[in-house]
Structures are given as C-alpha cells and as structure tokens.
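Let me begin by presenting the structure, written as structure tokens, before commenting on it.
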Amino acid sequence: MGEMIRFKRPDGGQCDGYLAGPASGSKAPGIVVIQEWWGINDQIKGVAERLAEAGYRALVPDLYRGQVTMEAKEAEHLMSGLDFADAASQDIRGAVQYLKATGSAKAGVSGYCMGGALAVLAAIFVPESDANVTWYGYPPLEFVDAARIKAPLLGHWATQDQFFAIAGVDALEAKLKAGGAGFEFHRYDAKHAFANEEADSMNLPPLAYNPAAAELAWKRTLAFFAAHIR
C-alpha cells in the first residue's frame, strides 16, 4: 500500500500526492500518474500500486486538493475549475522533480482521460520527464507546441471515444509529425475509459471497460517505460 506525501512545486508551493513504491526500494525509476476527472480515488491509487508491483515508484499528485467525486457533473465542475497550465508546470513537474531527486535518475508521466490531456501538456511543460504516456485524453491543439516535446510520447486511443474524438487524435498526430516530436500512437476498438475496471459501474454509456484492450495497452506501456526509464 502507498502513502500520502507532500512535495514542493517549482514555484515554492506544496502539493500532496499518493506514493506507492516497490519492494526494491527508493532507487527505482519513477512514474507520475495523473488522475481522471474523478480525483484521487481508489481506482487511480490502484494504478499506482500496480506500477509499484512492476518495479516503479508511482506518485499521483492531488490536483483537486483532496476533493474526490463519483458524480459526473461534479467531476466536470472540478475539472473545469482546474488550471491546466498550473497543474502541468507546477504540480506534475514538481512530482517528477521529487521522484528524480529522491530516487532514480529517470522518471516519466502517465495520465488517463483528463490526466491524459495533462500528460500531453507535461511532455511540453515538464522537461525533466524522460517518457510520457497519454491514455485517451488530449488538450486543445492550440496548446500543443510539438517542437518543445523532446521525450518520447506513447498514446492509447479509443476509436469510439465520445469525449476525445478520434479525429482529434488524427489532428494531434499530424501536429506532432510536423513538429518533429517522437511518438507512438495505438488505436483500440473501444470506448472512453477502456482501461478503467470501474467504468461499467459508473452508469455512463460513453464509458466501457474493455479488458482485452486494457491489457494490451498496459503491456505496451510497461514495454515503453522499460525502454526509456529503466
């Protein structure tokens, strides 16, 4: 099981986060895990613990400052109130800096849904990150300065996504190519949140857990991180 810790942001402020680590100790490479729009719930903590079992120190920064919800309308409200630029350049960057300062020399970022959009922004605003993974989430393309992306980027996308349309993925891919960014995108015949094992219980038709797609994307993610931050 992990624990709540506090780390410094680049601007001198502080942020709390959920840290899970492997039995091998603090020198393992780090991965910052970015929440969906629900907040730091048990599901996203479980992702961190699963990464810890795979040999990584996984840190989930508390972007909502302790607020968690199971209601879509409240989640949308919380997300709309989040300063994405501040979250990426301060909370997430601070989390990456913390992992690198207290453990291995390398660390990456992996985010889901809203966190996936932030993972793309982290590829731009967090130069310390050595590898970034986005799961079915991207920011408005006007905020994507592909020329600033230096670390490799892996993307997992759902072709039936009603929140992040696959046409937007195509546009993002074109922008990354034009900017010379290194990336690897995979598309899955699935709906949004296909890797969230609790998606079906949320009673939201646009969401659906897809175990086969989730497992394939997980294996690709572990291989990606093994190649770039191990």
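Data for the structure
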read-out: Filtered residues of region 1-35 (kept if surrounded by fewer than 21 Cβ atoms within 10 Å (Cβ to Cβ), assigned to a loop (DSSP other than H, G, I, E, B) and of a type in the set (A, V, I, L, M, F, W, C)); value: MET1, ALA23
read-out: Qualifying residue in region 67-74 (condition: surrounded by 24 or more Cβ atoms within 10 Å (Cβ to Cβ) and either outside any loop (DSSP other than H, G, I, E, B) or over 17 Å from the mean Cα position of the chain (by Cα) (or both)); value: no
read-out: Region 124-163, subset outside any strand (DSSP E or B) and among the small types (Gly, Ala, Ser), residue farthest from ALA195 (Cα to Cα); value: ALA147
read-out: Where a residue in region 151-172 is over 26 Å from ASP130 (Cβ atoms) and its partner, wherever it lies, is of a type in the set (Asp, Glu), with Cβ under 7 Å and at least six apart; value: THR159/ASP189
read-out: Residue among ALA52, ALA117 that is farther than 22 Å from LEU19 by Cβ, assigned to a helix (DSSP H, G or I) and not acidic (Asp, Glu); value: ALA117
read-out: Complete set of residues in region 164-178 that are not in a loop (DSSP other than H, G, I, E, B) and not acidic (Asp, Glu); value: ILE166, ALA167, GLY168, VAL169, ALA171, LEU172, ALA174, LYS175, LEU176, LYS177, ALA178
read-out: Hits in region 163-175 (condition: surrounded by fewer than 22 Cβ atoms within 10 Å (Cβ to Cβ) and farther than 15 Å from MET114 by Cβ); value: ALA165, ILE166, ALA167, VAL169, ASP170, ALA171, GLU173, ALA174, LYS175
read-out: VAL60, sole failed condition from (1) over 13 Å from the mean Cα position of the chain (by Cα); (2) of a type in the set (Val, Ile, Thr); (3) over 20 Å from ALA146 (Cβ atoms); value: (1)
read-out: Among (1) crowded, with 19+ Cβ neighbours inside 10 Å; (2) touching a residue at least 40 places away in the same chain (Cβ under 8 Å); (3) not β-branched (Val, Ile, Thr) - the single one TRP38 does not satisfy; value: (2)
read-out: Residue ID - surrounded by the most Cβ atoms within 10 Å (Cβ to Cβ), chosen from residues in region 120-137 that are touching a residue at least 60 places away in the same chain (Cβ under 8 Å) and farther than 20 Å from TYR18 by Cβ; value: ALA131
read-out: Some residue of region 179-200 being crowded, with 18+ Cβ neighbours inside 10 Å, in contact (Cβ under 8 Å) with a residue 24 or more places away in the chain and in a helix (DSSP H, G or I); value: no
read-out: Extreme residue, modelled with the lowest pLDDT, among residues of region 90-118 that are among the hydrophobic types (A, V, I, L, M, F, W, C) and within 14 Å of ILE229 (Cβ to Cβ); value: ALA105
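Okay, residues lined up against (1) in a loop (DSSP other than H, G, I, E, B); (2) touching a Lys or Arg at 6+ places or on another chain (Cβ under 9 Å); (3) under 25 Å from LYS177 (Cβ atoms); (4) of a type in the set (A, V, I, L, M):
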position	(1), (2), (3), (4)
GLN43	no, no, no, no
GLU76	no, no, no, no
ALA88	no, no, yes, yes
ALA122	no, yes, yes, yes
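A quick yes/no check of all residues on (1) farther than 23 Å from GLY13 by Cα; (2) surrounded by 22 or more Cβ atoms within 10 Å (Cβ to Cβ); (3) out of contact with any Ser or Thr (no Cβ under 7 Å at 6 or more places or on another chain); (4) without any contact (Cβ under 8 Å) to a residue 24 or more places away in the chain:
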| site | (1), (2), (3), (4) |
| --- | --- |
| MET79 | no, no, yes, no |
| ALA85 | no, no, yes, no |
| ALA88 | no, yes, yes, no |
| GLY103 | no, no, no, no |
| VAL109 | no, yes, no, no |
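The values are calculated or read from the model by the stated rules, or taken from the named source; none is laboratory data. Note that this is a predicted model, so its numbers are computed, not measured. Heads up, the Cβs are rebuilt from the backbone with ideal geometry, glycines too, and the neighbour counts pull from every protein chain shown.
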